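Here is the structure we will look at, set down as structure tokens.
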Amino acid sequence: MTATTRRNARRHALWQLALAAALLAAALFLFSREEWWRAALQVAFPDQPHVLFERTSLLQLTMQHLGIVGASLGIILALALPLGVWLTRPSGRAFLPLASNLLAVGQTFPPVAVLALALPYFGFGLKPTLIALVAYGLLPVARNVIAGLQGVPKDSLEAASGMGMGPGARFWRVELPLATDVIVAGIRVSTVYTIGTATVAPIIGAGGLGVPIIAGLAVGNLAMVLEGAVPVAILALLADFAVGRLGLALTARGGAR
């Protein structure tokens, strides 16, 4: 791939990233128009007297949901990225099997079970939710960081060493750019997982788009279930698209070095 091709690919990815931001803004505007949701759901469920969750607006629930997801992903990235890098360095390779097993166990626990276990220690609210979401979302990111860095061709590493690069320069200028697409794929999976799994947050009073879903299930109101489920699906699709375009932009930038 030539430098011009890479620049064009990066410019194209940035335009698509801007499109994703515009679509997110359009989605938030759509979530703010409750009269549209009420009209659409009343058409789908004409016998249902209450088609919306009345205590909190859909936009407020969406912002709560995005806050929970953003905090969880911030913690996931802060933990998984350095952990994955360390496990591929000489000082951490001995711990790679143990860490992989622990991360896998964390993802096998259902988030609801983690909430139940954390509740006696942290009470109701955001903390148990973050623990459950972080435990569930760590594995895809950490696993892909490890796979991406371990997949860097040895020829590239030897060539970098032959050019006089030290471990730090070799990591930032060779390993990380070549592993970026694999790492971003893990972040993409974890983001979609977290957006969907955050619907369990209302079980312990943390709010979010799971509120109308759980309220609707409790009273057999499918209109309320859709009020929460459809925005979650829209957010997951937009986040998947945005993170994917961000990965393309970073890959093109890294390849152009």
Practice problem: Report, in degrees rounded to the nearest 10, the 0 to 90 angle that the Cα long axis of helix 126-150 makes with the longest principal axis of the chain. | Solution: 30
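Would you kindly state how much longer the chain becomes between residue 116 and residue 30 on full extension, computed as 0.36 nm times their sequence separation minus their alpha carbon distance, in nm to one decimal?
Numbers: separation 86, 0.36 × 86 = 30.96 nm, distance 3.43 nm.
Additional length available on full extension: 27.5 nm.
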Practice problem: Go ahead and run the numbers for FRET between residue 78 and residue 47, Cβ-Cβ distance against an R0 of 45 Å, rounding to 0.05. | Solution: 0.40
Quiz item: Quick one: helix 34-44 against the long Cα principal axis of the chain, what's the angle to the nearest 10°, folded into 0 to 90?
Solution: 70
Self-check item: Qualifying GluC sites (Glu not before Pro) in segment 1-68, DSSP loop, other Cβ atoms within 10 Å at most 11
Solution: 54
Quiz item: How many percent of the accessible area of segment 82-227 is carbon or sulfur, using a 1.4 Å probe?
Solution: 70
Self-check item: Label-to-label distance, nm, for residues given as residue 101 and residue 8 (7 Å Cα→Cβ offset)
Solution: 5.1
Quiz item: Between residue 150 and residue 40, 0.36 nm times their residue separation minus their Cα-Cα distance comes to what?
Solution: 34.6 nm
Quiz prompt | Accessible area per residue, Å², the chain with all protein chains present, probe 1.4 Å | solution = 52
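Going by average Cβ neighbours within 10 Å, how do the peptides 98-108, 121-131, 67-77 rank, with the highest at the top?
The densest-packed peptide leads the list: 67-77, 121-131, 98-108.
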Practice problem: Could you work out the local net charge near residue 59, counting Lys and Arg as +1, Asp and Glu as -1, over the other residues with Cβ closer than 15 Å to its Cβ? | Solution: -1
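At R0 = 41 Å, how high is the FRET efficiency between residue 173 and residue 225 if r is their beta carbon distance? Nearest 0.05 is fine.
0.25
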Practice problem: Rounded to the nearest 10 degrees, what's the angle between the helix 176-197 long axis and the longest principal axis of the chain, both from Cα atoms, 0 to 90? | Solution: 20
Quiz item: Does the chain classify as rounded, prolate or oblate by the C-alpha gyration tensor (a ≥ b ≥ c root eigenvalues; a/c under 1.5 gives rounded; else a/b over b/c gives prolate, otherwise oblate)?
Solution: oblate
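The values are calculated or read from the model by the stated rules, or taken from the named source; none is laboratory data. It should be emphasised that the depicted structure is a prediction, and the values quoted were computed from it without experimental measurement. All Cβ positions, even for glycine, are placed from backbone atoms using ideal geometry, and neighbour counts span all protein chains on display. Keep in mind that these areas ignore ligands, DNA and RNA; they rest on the heavy atoms of the full protein, side chains included. Shrake-Rupley method; radii C 1.70, N 1.55, O 1.52, S 1.80 Å.
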